[in-house]
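This report concerns only the one structure given below.
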Amino acid sequence: MSDLAIELHWQRAEPGFQLGKYSAEHVVRYNNSYEVQVDAAPDWGGKPENTNPEQALASALSSCHMMTFLALCAKPGWPVASYHDYTEAHLGKNAKGQMSVIRIDLHSVVQFDTGFDIDDAALAEMQDRAHRYCFIANTLADSVEINVL
């Protein structure tokens, strides 16, 4: 199996290190080339213009679901023309009473080539299959409610 990695770097910018008085802003590097500014969510003191870990988790799920969906559609020859998703990660307390991502909702819109028709039930079944085969969804299955809407 594959080993997949990122690099993360954080450097304290403040003279001292005290609770609530330091920045969590850091850089995550993918494939030794692409860098993303990451921070805490704004509700936890992060800069709103930076990505936060909860968004990154939602992004990973959305991307994995889409790639799984596309692969499954390609098998029977469903001509997907575009795929758009708006995904929301919801925070709350888990069964242990700890703050966590408790639910992620995917709101995908799929467009097919002109002239290709598929009924809503078949499309919903394909989305369900994509959810069942998605690596990230399977990773989160025991701890996060995932809704494909």
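If a residue has to be in a strand (DSSP E or B) and of a type in the set (F, W, Y) to count, how many in region 4-31 make the cut? Residues that pass the stated criteria total 1. Among residues that are touching a Ser or Thr at 6+ places or on another chain (Cβ under 8 Å) and among the small types (G, A, S), A58 is included. Got at least one residue in region 83-105 being over 30 Å from A13 (Cβ atoms), among the acidic types (D, E), in contact with a Pro (Cβ under 6 Å, 6 or more places away or on another chain) and at pLDDT 95 or above? No, there is no match, as no residue in region 83-105 is over 30 Å from A13 (Cβ atoms), among the acidic types (D, E), in contact with a Pro (Cβ under 6 Å, 6 or more places away or on another chain) and at pLDDT 95 or above.
S59 satisfies every condition listed in (1) surrounded by fewer than 18 Cβ atoms within 10 Å (Cβ to Cβ); (2) not assigned by TED's automatic domain parsing to the domain that holds V110 except (2). Scanning region 37-53 finds one or more residues that are part of a strand (DSSP E or B), outside the structural domain of I136 (by TED's automatic domain parsing), within 26 Å of A141 (Cβ to Cβ) and touching a Ser or Thr at 6+ places or on another chain (Cβ under 6 Å). Would you check which residues across region 63-122 are within 17 Å of C134 (Cα to Cα), charged (D, E, K, R) and exposed (fewer than 12 other Cβ atoms within 10 Å of the Cβ) and list them? The answer is K75, and nothing else. The residues of region 96-149 that are free of Cβ contacts under 8 Å to residues at least 24 places away in the same chain and assigned to a helix (DSSP H, G or I), listed by number, are D120, A121, A122, L123, A124, E125, D128, R132, N138, T139.
Table: residues versus (1) under 27 Å from P42 (Cβ atoms); (2) small (G, A, S); (3) assigned by TED's automatic domain parsing to the domain that holds A40.
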{"residue": "D85", "(1), (2), (3)": "yes, no, no"}
{"residue": "H107", "(1), (2), (3)": "yes, no, no"}
{"residue": "G115", "(1), (2), (3)": "no, yes, no"}
{"residue": "C134", "(1), (2), (3)": "no, no, no"}
{"residue": "A141", "(1), (2), (3)": "no, yes, no"}
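The values are calculated or read from the model by the stated rules, or taken from the named source; none is laboratory data. Quantities reported herein were computed from a predicted structural model and do not represent experimental measurements. When we count neighbours, we look across all protein chains shown, and the Cβ atoms used for this are built from the backbone with ideal geometry, even at glycine.
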